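The values are calculated or read from the model by the stated rules, or taken from the named source; none is laboratory data. Everything numeric in this text was worked out from a predicted model, so none of it was measured. Methodologically, a virtual Cβ is constructed for each residue, glycine included, from the backbone with ideal geometry; neighbour enumeration extends over all protein chains shown. For accessibility, only protein heavy atoms count, side chains too; no ligands or nucleic acids. Shrake-Rupley method; radii C 1.70, N 1.55, O 1.52, S 1.80 Å.
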Amino acid sequence: MISSDMAQAMVLRRSEGDPSSARYEKFAVQSCQLSRQGDYWIVCVNTAAYVLHGRAERCLVGANAHLVDVISGQIETVASCRPVEDYLQDKYDVRRAAGMHYMLTPAFDRTDKVAVIRIRQAFGCSMREAMKLASPEHHCWLTGPRRVLRWAQGELTLKNIVTDIILAPDAEDAVDIDDSIWHWDLLKARLALRIRAAGLS
């Protein structure tokens, strides 16, 4: 098993590169902690000038943290635009899916007239389109990381639209969403693609 000291040394070597290089820069560890599941060391490093001497102008951006697998020692870099916990959660969810796709679907069918009316009101579509969205052949609404789908599910719950998140062998009819969809108007625009597809069929 890779120890904390070993993980830090590995990340420092990788970050600093070749000492004989003209671009070589000394780095220092800001923090090192074990992930909640105990499978990765989360190591944050930056230039020694910044970490040890507080020289803000020497702070490097781009990497949030480096993940060191405690068994294999393999290193993955998490970009600064992504929280480490989100990155890890997505990895765990992909592993749990075992090749399947996460998909958000309605938790009702077209016979639930109240639910269909809520779709029409929330999405601003016709009653015909709303009924199609609630029918089995069009129930594949959204696909993407489970974490993002759970956020979307919460937004739809606020509109009184009840949904499920399921695993499916394929999600070719569903609309992809990711972290770029972060508020209702963007989510509504993505769902409009699904409404349009349902209306055309």
- Item | Difference of contour (0.36 nm per residue) and Cα-Cα distance, Asp179 to Ala63 | 40.0 nm
- Query: Check Asp176: other-chain or 5+ apart residues with amide H under 5 Å from its amide H, H built from backbone geometry?
  - Reply: Thr143
- Message: Given a 1.4 angstrom probe, I'd like the percentage of the accessible area of segment 148-201 that is carbon and sulfur, rounded to a whole number.
- Response: 52
- Computed lengthening from Asp109 to Arg14, 0.36 nm per intervening residue step minus Cα-Cα distance: 28.8 nm
- Using θ = phi - 60° and the Karplus form 6.51 cos²θ - 1.76 cosθ + 1.60, what ³J(HN,Hα) does each residue of segment 27-34 get, whole Hz, x for Gly and Pro? 10, 9, 7, 8, 7, 8, 9, 7
- Task: Binning at 5 Å from 0, report for segment 137-201 what percent of all alpha-carbon pair distances ends up in each bin.
- Result: 4, 16, 31, 28, 17, 4
- Query: Rounded to the nearest 500, what is the chain's calculated 222 nm mean residue ellipticity when only DSSP H runs of at least 4 contribute -39500 (n - 2.57) each, over all residues?
  - Reply: -12000 deg cm²/dmol
- Task: Report the full-extension gain for the segment Ile166 to Gln33: residue separation times 0.36 nm, less the Cα-Cα distance, to one decimal in nm.
- Result: 44.6 nm
- Charge dipole (debye, nearest 20) of segment 81-138; +1 at Cβ of Lys and Arg, -1 at Cβ of Asp and Glu: 180
- Roughly how many nanometres apart are two label points built 7 Å out from the Cα toward the Cβ at Leu52 and Leu193? 4.9
- Query: Using unit Cβ charges (K, R positive; D, E negative) and no other charged atoms, how large, in debye to the nearest 20, is the dipole of segment 1-79 about its Cα centre?
  - Reply: 200
